[in-house]
Every structure is written in C-alpha cells, then in structure tokens.
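Visitor: To start, I am sharing the structure in question, which I have written as structure tokens.
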Amino acid sequence: MIMLLITVINLFRTKTVEFPIVFWLPWILYMAVYLVVDFSFLGLQLTFQYTLPILIGVVASGLVLTEEDIKWLFKWFGRLCITIYAMFVYGYFLKGGYGPSAASTTMLFTVPVSIFSAFWFMTRGKIYLLLIGIIFLASVLQMTRMGIAATSAVFILHFANNSLKGKILFGVIGILAFLAVFNSKPFQEKTFYGGKGTLEDLTLNYYDNPDIRSSGRISWKKALEPGLRARPVWGNGPRADNAFLSKITRMRGGEAHNDYLSVRFNYGYVGLSLLLFGFAGTFISLYKVSRRNSESYYIRLLSTSTLTLYISFLMFMYTDNILKYTIYFPNYFFALIGIVYNLKRNEDISGNTAIQ
C-alpha cells in the first residue's frame, strides 16, 4: 500500500508519459470494470497488485532523471541484492538450509543476472561472469527449479549477445550448466518421486505426470478445472481463485502457483488475452527502441536486459504467482521499461558510459 501511495503521488510529478501505457489500458480498464461489477476487498487488492507495477513504469518514464539519479538507482538496487544474498548465505549455511521466501528471491535475482549478462556481452569483463555464477549458485544450492531454468534462459537467450558465434558458444555453455544441474541427484530427487526423470517429463507432461513433485500445483490445477470450464470466457471474478482454494485447503489463503491459471480462473480468456496483449505490445515497442538506439550505451544495456527478462517473467508465471509478487520482480521489471523510455527522451544521459 505504501508503494502504491508513493507511486500515485509521483504520477502527479511526471512531466510526460513515455511508457507505452496504451497497450495496458485494455487490461487495466477490464479489471476496473470487473471490480465494479463483482466487488470484493480481495478483488480490490488483486487489482492494485496487478496495476501497481504498470504505474511504476509510467512514473519511471515521466520523471526527470539525471545521470546521478541513474547511478543512485543502480547503487541502491545493488545494495538490496547484496543484502538479500547475504541473508540467503546466513540462512543456508548457518540456519540449516532452505530459507524463507527462497523461491521468490530467485525471481529478484534474475534481474541482476540479466544486467550483468548485458555487461558481459557488451564489455567482456570477467567480473560479470563471476557475479552471474555467484547469483546462480543461490538457485542451485536451494534447488529452486524454475529459478535454475529461468536464470539459465536469461544467460543463454540474452538480447545483448548479437554475435552468432557468441550465441552458439555461450548457449552451449549455458545449456551444459543447466543439464548438469538437472541430472544431479539432488535435483532429480526433489523433482521426481521415483528419483529420476527426463526434461520431457518436466516440460511436456508437467501437469499430467503423477511422478512429478509439483508442490501441490497439479492438485491446484485439478481443483480449478471445474471453474475454468464453467466460465471460460469472462472468468469467475476478481480473486475468485483465492476464495475457492481457501475453502478446499481450509486455510486463509489459496494460490494456484500458476499465473496463467489464476488469470483465466478470475478473468477468463478475455482477461488473459488482454494481459498477454499488454506484454506483447510493450515487448515489440521496447524492441524497436532497443534497435533504433543501439549506439546508446545506457539504452542498449537496459533495453536488452529488460527484453531478456520477459523470458524469465513468462517462465515464472507458469509455476508461481509472480504477477502478485510485485516486490520481487514486476516492480523492477516495469521500472526498467520506464527508465529505458525515459533515457530515450533524455539524450544527455543515454550516451554516457559512466555506469560501468
């Protein structure tokens, strides 16, 4: 709520809106109208959660940012990541292993991994490979499966890697690292009840394979299927999934751990289509900005990093509630988009390389 208030206040300080909000207006308006028609406080909370990151992007694109502001943002985001990583080290090595919010923090860690990967492909500074490896180690040690897959995908498919030779070389390295982790005994035992499985089992048959340890995701999907079939077009209403799963689990909260399922259950195929339209439209717009301003160091660094983060965003949506975990990923993701459009407007900053 505090972040929402700060964002709304700063909306009135923005000089102009460079963020491509037009792609998100259908989704925002659809949620707002649905909330009026089928109001609930949980639905209001969900609407705020889904809307806040987009508004952050709008604010980031419209504020007047100086070079010192950009450096300040990077400095404090770095401190945040270092603090969270230090808490992981403390929890894992001194408190017996799996720390609180371990699965969620891997979402956040994909952001610095994407930025460091961009630095690596643009400068070939070996320190960035070391930092990527250190961050990747957190997901490996905690065996956060989607965290491992998403981090690997960010490095392998990074948009800053323009060289075909480099794509092949580092793609092979990334794939080999992922396969080494996938075939390790701890990963296999955590993922499959039988202690052994294949990539096909994990991807093509994820929700249909009884041998997969899905942490309840298969059960949630089966529980939601009647509601998905009953109202496929418009959905069952804002936060209907939470109310439905709470009755089944007899707990205060219930989550499907799959944003595609949650959005379909709550807002139907119409809502999911509008959400994906927002992602697709912004991606295309951002890609054009990245290509047209490839000579600008700042814009290339941040635009390629953000374009790559689309991959991890869509991956985490398949196994988690990343749309709701605004403090772990969406806030930073949309802020980066807004900053890119801000830099496009401010040529005095966009050509500077001091951020290295």
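The values are calculated or read from the model by the stated rules, or taken from the named source; none is laboratory data. Predicted, not measured: the structure shown is a model, and the values here were computed from it. No Cβ is skipped: glycine too gets one built from the backbone with ideal geometry, and neighbour counts run over all protein chains shown.
Visitor: Quick one: Met122 ticks every box in (1) assigned to a helix (DSSP H, G or I); (2) crowded, with 21+ Cβ neighbours inside 10 Å; (3) at pLDDT 90 or above; (4) in contact with a Leu (Cβ under 9 Å, 6 or more places away or on another chain) bar one, so which box is it?
Guide: (2)
Visitor: Now for a separate question. Do we find a residue being among the β-branched types (Val, Ile, Thr) and over 18 Å from Ile218 (Cα atoms) anywhere in the range 290-304?
Guide: Within the range 290-304, one or more residues are among the β-branched types (Val, Ile, Thr) and over 18 Å from Ile218 (Cα atoms).
Visitor: So, one more: Take the conditions over 20 Å from Ser40 (Cβ atoms), within 25 Å of the chain's Cα centre (by Cα) and at pLDDT below 85 and apply them to Leu276. Does it pass?
Guide: Judged against the criteria, Leu276 is not a match.
Visitor: Is it the case, given these coordinates, that Arg229 is over 30 Å from Ala118 (Cβ atoms) and modelled with pLDDT of 90 or more?
Guide: yes
Visitor: Separate question: Give the number of residues within the range 196-226 that are in a helix (DSSP H, G or I) and modelled with pLDDT under 90.
Guide: Looking only at that region, the number is 12.
Residues checked against (1) buried (at least 16 other Cβ atoms within 10 Å of the Cβ); (2) more than 25 Å from the chain's Cα centre (by Cα); (3) among the polar types (S, T, N, Q); (4) under 20 Å from Met315 (Cβ atoms):
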| position | (1), (2), (3), (4) |
| --- | --- |
| Arg217 | yes, no, no, yes |
| Ala223 | yes, yes, no, no |
| Leu228 | yes, no, no, no |
| Pro232 | no, yes, no, no |
| Gly237 | yes, no, no, no |
| Asp241 | yes, no, no, no |
| Phe244 | yes, yes, no, no |
| Asn258 | yes, no, yes, yes |
| Val263 | yes, no, no, yes |
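Visitor: Continuing with the same structure: Name the residues in the range 314-339 that are at pLDDT 95 or above, assigned to a helix (DSSP H, G or I) and either in contact with a strand residue (DSSP E or B) (Cβ under 6 Å, 6 or more places away or on another chain) or of a type in the set (Phe, Trp, Tyr) (or both), would you?
Guide: Phe316, Tyr332, Phe333, Phe334
Visitor: Quick one: how many residues across the range 62-85 are under 17 Å from Lys15 (Cα atoms) and either at pLDDT 95 or above or exposed (fewer than 13 other Cβ atoms within 10 Å of the Cβ) (or both)?
Guide: 2
Visitor: Between Arg239, Arg217, Arg264, which is closer than 23 Å to Ile311 by Cα, touching a residue at least 40 places away in the same chain (Cβ under 8 Å) and basic (Lys, Arg)? Give the steps one after another, and end with the answer.
Guide: Details: Arg239 fails: closer than 23 Å to Ile311 by Cα; Arg264 fails: touching a residue at least 40 places away in the same chain (Cβ under 8 Å).
That would be Arg217, the only listed residue that is closer than 23 Å to Ile311 by Cα, touching a residue at least 40 places away in the same chain (Cβ under 8 Å) and basic (Lys, Arg).
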